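Engineer: Take this structure first; my questions come after.
Values quoted throughout were computed directly from the atomic coordinates according to the rules given, and no laboratory measurement underlies them. Note that the coordinates shown come from a computational prediction; the quantities given were computed from them, not determined experimentally. All Cβ positions, even for glycine, are placed from backbone atoms using ideal geometry, and neighbour counts span all protein chains on display.
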Amino acid sequence: MKKNILTLAIILLFGANVFAQNGMTKLEQLPAKAQEFVKTYFSDYKVSYVFADKEFADTEYKIRFENGTEIDFNAKGEWTDVSSKNNCIPTGFILKDITNYVEMNHNGMCITDVEREFNRIKIELNDSLEIEFNSKGKLISYDD
């Protein structure tokens, strides 16, 4: 019985410690690479909140701007997802081959979401068309 109570107490303390690491934070507490990304591409956007999500050794971050645009960063401060339900997003950080492809093949459309995975980049246009590229910007597939 004492062993079960001790185990439960340890689990509760560990859980409280992990929970305490999660929550609202400030832009200045993000990794330098994430701060520089925001300054470079989103300097005109007003931050609504910054959230830190610590899981074991890694911390992921989410920034939400007042216009609804969101950016997710990994623990190294590298963007993993940039999205906006209502607005076109800046594209200066997206591979030029991808932005050129959109300009040439989807004239008048803009990118509203870009997600970077291990070896793929997925974008969504403002007409809900999803396009997938490899990590070098070469077209892989369409999904409408």
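Engineer: If you count, for each residue, the other Cβ atoms within 10 Å and average over each peptide, how do 61-69, 40-48 line up from highest to lowest?
Structural biologist: By packing density, highest mean first, the sequence is 61-69, 40-48.
Engineer: Further, regarding this structure: Under a straight-distance cross-link criterion of Cα-Cα below 29 Å, which lysines are reachable from K46, leaving out those fewer than 8 residues away in the same chain?
Structural biologist: Excluding near neighbours in sequence, the set is K26, K33, K54, K62, K76, K85, K96, K122.
Engineer: Long-range amide H contacts for T80: which residues qualify at under 5 Å (H placed 1.01 Å from N, peptide plane, sequence gap of 5 or more or a different chain)?
Structural biologist: It is D72, F73, N74, by chain and number.
Engineer: Which ³J(HN,Hα) values, rounded to whole Hz and listed in residue order, are derived for the range 61-77 from phi using the Karplus coefficients 6.51, -1.76 and 1.60 in 6.51 cos²θ - 1.76 cosθ + 1.60 with θ = phi - 60°, glycine and proline given as x?
Structural biologist: With coefficients 6.51, -1.76 and 1.60, one gets 10, 9, 10, 10, 9, 4, 7, x, 5, 10, 10, 9, 10, 7, 5, 7, x Hz.
Engineer: Do any trypsin sites (Lys or Arg not before Pro) in the range 80-144 lie in a loop, going by DSSP, with at most 16 other beta-carbon atoms within 10 Å of their beta carbon, and if so which?
Structural biologist: K85, K136, K138
Engineer: Starting from the amide H of T59, placed 1.01 Å from N in the peptide plane, find each other amide H under 5 Å away whose residue is 5 or more places distant or on another chain.
Structural biologist: A75
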